[in-house]
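Okay, so here's the structure we're looking at.
The values are calculated or read from the model by the stated rules, or taken from the named source; none is laboratory data. Only a predicted model underlies this, so the values are computations on that prediction, with no experimental measurement involved. Note: ideal-geometry Cβ built from the backbone for every residue, glycine included; neighbour counts use all protein chains shown.
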Amino acid sequence: MPNEYEAMIRTDIPSSARIWNFWMGGNDFYEVDRVVGEASLKIDPDIATVAVQSRQFLARVVRYLAGEARIRQFLDIGTGLPTMQNTHEVAQAVARESKVVYIDNDPKALTHARALLNSTTDEGVTAYLDCDFHAPDQIVAEARNILNFTEPIGVMFMGVLGHARTYEDMVHIVRTVMDATPSGSYLALWDGTTDSQAYVTLCDEYTKSGGVPYVPRTQDAIRAVFDGFEFVESGFGPITAWRNDATQDGAWQSISSYGGVARKP
C-alpha cells in the first residue's frame, strides 16, 4: 500500500527535486519531469554540469565541516531527493557520531526518507522532517527535538533559496535559522545566479511549466546573505572552485552557481 506521502505525489506537475535527480542520472522522476528536464537541457546544456558539480560541492563542504571544523550536527534544508554522497553519508564517514537532520516537503523525497533513516551509523543519527523552508520557525522548533542548539550546527541551503518567494523572504529564512544557532555554527549555501542568460531563460520556462518558481539572483545578492559571518578559506565564489583540488570531473568549469561557507562569530 502507498504511504501517506506517495498518495500526495503529483505526476502531472514537474518537481525541481525530481528534475534535479534526472539531470544527475538518477531514476526517481516521472515522465513530466523527464520532458521538462530534457527541454531545459536544450535551453541551457550546462545545467546537468551544475547538478553534478553542486553535489561535489556539497561533499567537499560536509567533509570540511565534519573534518577541519569538527562539526557534529548538520541541518540540511531543502535537501531534495537522496542520490549519491548524501550529507549523512559524507559526515558519518568522517565522524560516525554525526547527527544529520534533513528538511523537505516534497512527497517523493519524503517517501525516500524511510530508506534513508535506515542508513545511519550506530553512533550517529539521521532524521528527515516534513517542513516547508518558508516556515523557518517550524524548522527550528522541530529540529530542536533532535539537534542540540547549544552546540555548533552546520546549516546548509544547497541550491534551494531561489525558491524563496522574494529576496526578503530568502534573507528572513536564513537569518531565522542562523539566529537560533550558537556561535561557532556554520552557514553553507549556494544558488544559481543571473550571470548566464541561458540559465535565467531556463528558470523562466520552468515556471511556465507549472513548477514552483525558481528565481536566480545576482552574485552580490547571494553574497549579502552571509553578512555578519566569517568566510572560511576560499571565500565566496563559483562552487566549482571552492576547495577544489581540480581532480574531479568538470573541475574549474565556469558555471553560474555561486556560494561559500562562513562561520557564525
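Name the residue that is nearest to Val35 (Cα to Cα), counting only residues in the range 206-222 that are β-branched (Val, Ile, Thr) and part of a helix (DSSP H, G or I).
Thr207
Quick check on the range 85-134: of everything there that is at pLDDT 90 or above and among the basic types (Lys, Arg), which residue is farthest from Asn148 (Cα to Cα)?
Arg96
Being among the basic types (Lys, Arg), in contact (Cβ under 8 Å) with a residue 24 or more places away in the chain and either in contact with a Pro (Cβ under 7 Å, 6 or more places away or on another chain) or not in a strand (DSSP E or B) (or both) is the requirement here; does Arg175 meet it?
no
Would you mention how many residues in the range 186-202 are within 17 Å of the chain's Cα centre (by Cα) and either of a type in the set (Ser, Thr, Tyr) or in a helix (DSSP H, G or I) (or both)?
2
Is it true that Ala69 is out of contact with any Cys (no Cβ under 7 Å at 6 or more places or on another chain), at negative phi, among the small types (Gly, Ala, Ser) and part of a loop (DSSP other than H, G, I, E, B)?
yes
Can you pull out the residues in the range 130-186 that are hydroxyl-bearing (Ser, Thr, Tyr), in contact with a Phe, Trp or Tyr (Cβ under 7 Å, 6 or more places away or on another chain) and farther than 20 Å from Tyr64 by Cα?
Once the filter is applied, which keeps residues that are hydroxyl-bearing (Ser, Thr, Tyr), in contact with a Phe, Trp or Tyr (Cβ under 7 Å, 6 or more places away or on another chain) and farther than 20 Å from Tyr64 by Cα, the range 130-186 yields nothing.
Quickly run through the range 55-104 and pick out the residues that are touching a Leu at 6+ places or on another chain (Cβ under 9 Å) and of a type in the set (S, T, N, Q).
Those that are touching a Leu at 6+ places or on another chain (Cβ under 9 Å) and of a type in the set (S, T, N, Q): Gln73, Gln85, Asn86, Thr87.
May I ask you to list the residues in the range 131-145 that are among the acidic types (Asp, Glu) and more than 15 Å from the chain's Cα centre (by Cα)?
Across the range 131-145, the qualifying residues are Asp137, Glu142.
So which pairs qualify, if the first residue must be in the range 204-221 and more than 18 Å from Leu189 (Cβ to Cβ), the second must be in a loop (DSSP other than H, G, I, E, B), the Cβ gap must be under 6 Å, and the two must be at least 6 apart or on different chains?
Once the first residue is more than 18 Å from Leu189 (Cβ to Cβ) and sits in the range 204-221, its partners that are in a loop (DSSP other than H, G, I, E, B) give Thr207/Pro213; Ser209/Pro14; Gly210/Ile13; Gly211/Pro14.
Please go through the range 155-172 and pick out each residue that is hydroxyl-bearing (Ser, Thr, Tyr) and assigned to a helix (DSSP H, G or I).
Tyr167 - this is the single residue of the range 155-172 that is hydroxyl-bearing (Ser, Thr, Tyr) and assigned to a helix (DSSP H, G or I).
Which residues, taken from the range 230-245, are outside any strand (DSSP E or B) and either among the β-branched types (Val, Ile, Thr) or in contact with a strand residue (DSSP E or B) (Cβ under 8 Å, 6 or more places away or on another chain) (or both)?
Val232, Ser234, Gly235, Phe236, Ile239, Thr240, Trp242
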